[in-house]
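Computed from the coordinates by the stated procedures, all read-outs in this text should not be read as laboratory data. Since the structure is predicted, the reported quantities are computational estimates derived from the model, not experimental observations. Cβ: placed from backbone, ideal geometry, glycine included. Neighbour counts: every protein chain shown.
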Amino acid sequence: MKEQLRRLVELQKVDDLLIDANRTLKSAPVQIEELDEQLNKFLSMLNKEKEHLEETLVWQRSQEQFLKEEQDRIQKTKQQLQQVKNAREYSAMQRQLESAKKAVGDREEEILRVLGAIEESRATLKRHEEEFNALEKEILEQKDDLQKEIDEAKAKKESMAARRKEACSDIDDKYLMQFERIADRIQPAIVEAVDGVCTGCHMSIRPQQYNVLHSADTFEQCPRCQRFIYLKSAVFDEDDEDEEETSSEE
């Protein structure tokens, strides 16, 4: 019976490693997806800033073209004004010229204001591009680390699956079936009892049952959580405990 308990403890260690590998295989891809999403959001923001800057540059060029055309019209109006001899017509053209000059002045001020905004946008865009490059580098490094964890977890899972099959072959069917039923419901399925307490649910065990654990002649279950419970000093001798600690570090 003691040997069967040892084998169940060994099986639980294998299952713990499998659970850990499966947890990594489930969480790491999600983390990679979240990192990609974070980077894509930043890239989307950056692209919008570039689009906005380009639209502003197009507007600036169009306004400069309009400005040139207005300035050309002013020059023509000045030339025409010199040839006007009718006072009334001269006055009308003079008012038209002043209005055109004011419109040119307003457009020049607007262009200067936009030029200032363009310089600010370029500076902001440059800073954001630098931040994006730094973030991209950091995220790529994190993704590489996560991919390594995935690869290691896959290798561990494959190794532990073979080791589990081997461990199961050494356990009596009735105990294995009971272990599997417990494992399907709660993990771990077998735990130590320490100082009269189940380390799975942290509830006290009846003194009579705790005394039974010292013999390691029967399979005992925690009355509360129904896990298999065992007393380490009863199941393993000192050499076994050293080997157990080495095995658990794999």
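For the reader, a short list of remarks on this structure follows.
- Taking amide H as placed 1.01 Å from N in the peptide plane, ILE229 has its amide H under 5 Å from the amide H of VAL191, GLU220, GLN221, CYS222, each at least 5 places away in sequence or on another chain.
- DSSP beta bridge pairing in the chain, given as percent antiparallel to the nearest 5: 60 percent
- Computed from the Cβ-Cβ distance with R0 of 51 Å, the FRET efficiency linking CYS201 to MET45 stands at 0.55.
- A straight line joining the Cα centroids of segment 175-231 and segment 43-78 runs 79 Å.
- Cα-based radius of gyration of segment 17-70 once divided by 2.2 N^0.38 Å, which approximates compact folds: 2.34
- Cα gyration tensor, segment 146-202 - rounded (a/c under 1.5), prolate or oblate: oblate
- Of LYS143/LYS165; LYS13/LYS156; LYS26/LYS165; LYS76/LYS101; LYS165/LYS232; LYS154/LYS232, those spanning more than 21 Å from alpha-carbon to alpha-carbon: LYS143/LYS165; LYS26/LYS165; LYS165/LYS232; LYS154/LYS232
- Largest-first ellipsoid semi-axes for the chain, taking √(5λ) over the Cα gyration tensor eigenvalues, angstrom: 87, 17, 13
- Length-normalised contact order for segment 111-250 - Cα pairs under 8 Å, 6+ apart - percent: 14 percent
- Applying a 4.7 Å Cβ-Cβ cutoff to the chain leaves CYS168 as cysteine residues with no disulfide-compatible partner.
- Residues whose placed amide H lies under 5 Å from that of VAL197, excluding near-sequence neighbours: ILE205
- Simple point charges give the picture: +1 on the Cβ of Lys and Arg, -1 on the Cβ of Asp and Glu, and for segment 169-235 a dipole about the Cα centre of about 300 debye.
- Residues TYR90, TYR230, TYR210 in ascending order of nearby Cβ atoms (within 10 Å, fewest first): TYR90, TYR210, TYR230.
- Only Cα pairs under 8 Å and 6+ residues apart enter the sum, and on that basis the relative contact order of the chain stands at 31 percent.
- Cα-only Debye scattering, segment 22-169: base-10 log of I(q)/I(0) at q = 0.10, 0.13 Å⁻¹: -0.64, -0.80
- Over segment 130-239, the fraction of Cα-Cα pairs per 10 Å bin, rounded to whole percents and listed from the shortest bin up, is 12, 28, 24, 15, 11, 7, 1.
- Residues considered: GLN83, GLN94, GLN209. Largest GNM mean-square fluctuation over the chain, using C-alpha springs under 10 Å, is found at GLN83.
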